[in-house]
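Visitor: One structure, pasted below without further comment.
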């Protein structure tokens, strides 16, 4: 059978896809190596943009039926869920209980099991006088998983913090995660607004902008030489859910922007006319963001988007690298030039805008892309039109030269050299533990074997 990722850009042929409904199903399948060949991989919504999802000839465990919330503990400030629970559904349940996740990522279709052990992206939030982490896995305080021999392993932050650091970025290679517990916090109203800068102005002011102690998501316009910053901070009063501002912002990002990009790419002749029309659209995006999209007391869960189960005509893809904050002013200017030069040479440019995030230093997971210090990202976004894979090859080379750090599930096309340049020491540490916990390679896929060996 054929399995595809959400966007349909990656496909593979596993031996079988098994829809599991209880931990006993997982144990039975993992133990039966004859009927269920390796690699065994857990499947959520398959939004990853890399071949980390691929289990060619192996066994895919469809986790989506294991989607119950097991317990919300208001005293301990935790939520415990089965791994197939969707991030957005859990966020709404927390909201109803007067709580929230620390990290509310845009892709609401992400399963919490995936978020617990894979890379995610969102801007760090400042609250209570300190920067919070920007990665979902950083707030996992408990996991239950099925190991390679079929035994059950339960790990908590208190019982084994060192193993938890490994599990938070294990990408399913240390066992099948079937239950997770996240640390949560009281629901807090959020204030947000947008401001526009010329890229040189943004680069010059970056230190002072970060010192404002506001969460920063960036909208990048390389062909208009502009950066729009979405600032998020604590608001006052009771949070309002379902505000029109977030609904408008999310609908534009989810539907209107990719639909426009795809129409222009497919039906408009000439690279210069295509580029002009994308620029015109982006001008109005900037105008609307700055003048209209703001709020003083919204619910943090409103920034999460529910996407259709499979990508349709209006859909997009992306890639992401992070860069040291102290180098980002020069990096972003070099990236804007890289995009324009690449267009001049090849005729290709992203048919949507780019984004970026400011993320605080975070050592909670072994493959954290901010282990060495705070960082900002560059995330080109495209409908996946012709020329996108070739652009990413050049983009990856650019990022490697500028001391970038990738995500194994959201940075397409990285090479072993690029992976080892970013995570050489960490890969060695992880491999030692993986071989101990999974000596037969039950959960080890060719994708990670290619990158790590």
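Visitor: How far is it, in nm, from the label point at residue 33 to the one at residue 225 when both lie 7 Å from their Cα along the line to the Cβ?
Guide: 6.2 nm
Visitor: Same structure again: Within region 158-188, which residues have the backbone N less than 16 Å from the label spot 7 Å out from residue 76 along Cα→beta-carbon, could you tell me?
Guide: What the label zone holds, given the 16 Å backbone N cut-off, is 158-161, 179-185.
Visitor: What list of whole percents do you get for P(r) of region 15-98, with Cα-Cα distances grouped in 10 Å bins up to the one holding the largest distance?
Guide: 17, 39, 28, 14, 2
Visitor: Between residue 397 and residue 421, how many nm apart are label points set 7 Å from Cα along the C-beta direction?
Guide: Distance between label points: 1.1 nm.
Visitor: Something else now. Test of understanding: what is the full-extension gain from residue 65 to residue 327, defined as 0.36 nm times their sequence separation minus their Cα-Cα distance?
Guide: 89.9 nm
Visitor: Would you mind giving the average projected area, over all directions, of the Cα convex hull of region 397-453 in nm² with one decimal?
Guide: If I average the Cα hull's projected area over directions, I get 3.9 nm².
Visitor: Restricting things to Cα coordinates, could you compute the convex hull volume per residue of region 209-315 in Å³?
Guide: Each residue corresponds to 113 Å³ of Cα convex hull volume.
Visitor: Can I ask one more? Once the Cα atoms of region 56-122 are picked out, what are the Rg and Dmax in Å?
Guide: 12.9, 46
Visitor: Set the Förster distance to 35 Å, then compute FRET efficiency between residue 245 and residue 345 from the Cβ-Cβ distance, nearest 0.05.
Guide: 0.35
Visitor: Expressed as a fraction of 2.2 N^0.38 Å, the rule-of-thumb size for a compact globular protein of N residues, what is the C-alpha radius of gyration of region 3-62?
Guide: 1.09
Visitor: Of all beta bridges DSSP finds with both residues in region 3-62, what is the antiparallel percent, to the nearest 5?
Guide: Here the antiparallel bridges make up roughly 20 percent for region 3-62.
Visitor: Sticking with this one: What does a probe at residue 21 reach in region 65-91, counting residues whose amide N is under 15 Å from the point 7 Å along Cα→Cβ?
Guide: The answer is 65-68, whose backbone nitrogens lie closer than 15 Å to the label point.
Visitor: Go ahead and estimate [θ] at 222 nm for the chain from helices alone: -39,500 (n - 2.57) per DSSP H run with n ≥ 4, summed, over the residue count, rounded to 500.
Guide: Calculated mean residue ellipticity at 222 nm is -10000 deg cm²/dmol.
Visitor: Once both axes come from the Cα atoms, what is the angle between helix 388-401 and the longest principal axis of the chain, in degrees from 0 to 90, rounded to 10?
Guide: Taking the Cα atoms of the chain, the angle to 388-401 is about 90 degrees.
Visitor: Please report the equivalent ellipsoid semi-axes of region 69-187, computed as sqrt(5 x eigenvalue) of the Cα gyration tensor, largest first, in whole Å.
Guide: Its equivalent ellipsoid spans semi-axes of 22, 15, 14 Å.
Visitor: Label 7 Å along Cα→Cβ of residue 13; region 58-92 residues with amide nitrogen under 12 Å?
Guide: Zone members listed by number: 58.
Visitor: While we're here: Between helix 199-210 and the chain, what is the angle of the helix's C-alpha long axis to the longest principal axis, kept within 0 to 90° and rounded to the nearest 10?
Guide: Compared with the principal axis, the helix lies near 50 degrees.
Visitor: If you don't mind, another one. Ratio to report: Rg/Rh of the chain, with Cα atoms as the point set and Rh obtained by the Kirkwood method; give two decimals.
Guide: Here the Rg-to-Rh quotient is 0.95.
Visitor: Given a Förster radius of 60 Å and the C-beta distance between residue 268 and residue 97 as r, what FRET efficiency does 1/(1 + (r/R0)^6) yield to the nearest 0.05?
Guide: Result of the calculation: an efficiency of 0.80.
Visitor: Over region 190-416, what is the percentage of antiparallel beta bridges among all DSSP beta bridges, to the nearest 5?
Guide: About 95 percent, rounded to the nearest 5.
Visitor: Multiplying the sequence separation of residue 390 and residue 363 by 0.36 nm and subtracting their Cα-Cα distance, what value in nm do you get?
Guide: 6.4 nm
Visitor: Next question. Please determine, in degrees from 0 to 90 and to the nearest 10, the orientation of helix 271-291 with respect to the longest principal axis defined by the Cα atoms of the chain, where the helix direction is its Cα long axis.
Guide: 90 degrees
The numbers here are math on the coordinates, done by the rules we state, and not lab data. Remember, it's a predicted structure, so these values are computed and weren't measured experimentally. Every residue, glycine among them, receives a Cβ derived from its backbone with ideal geometry; neighbour counts consider all protein chains shown.
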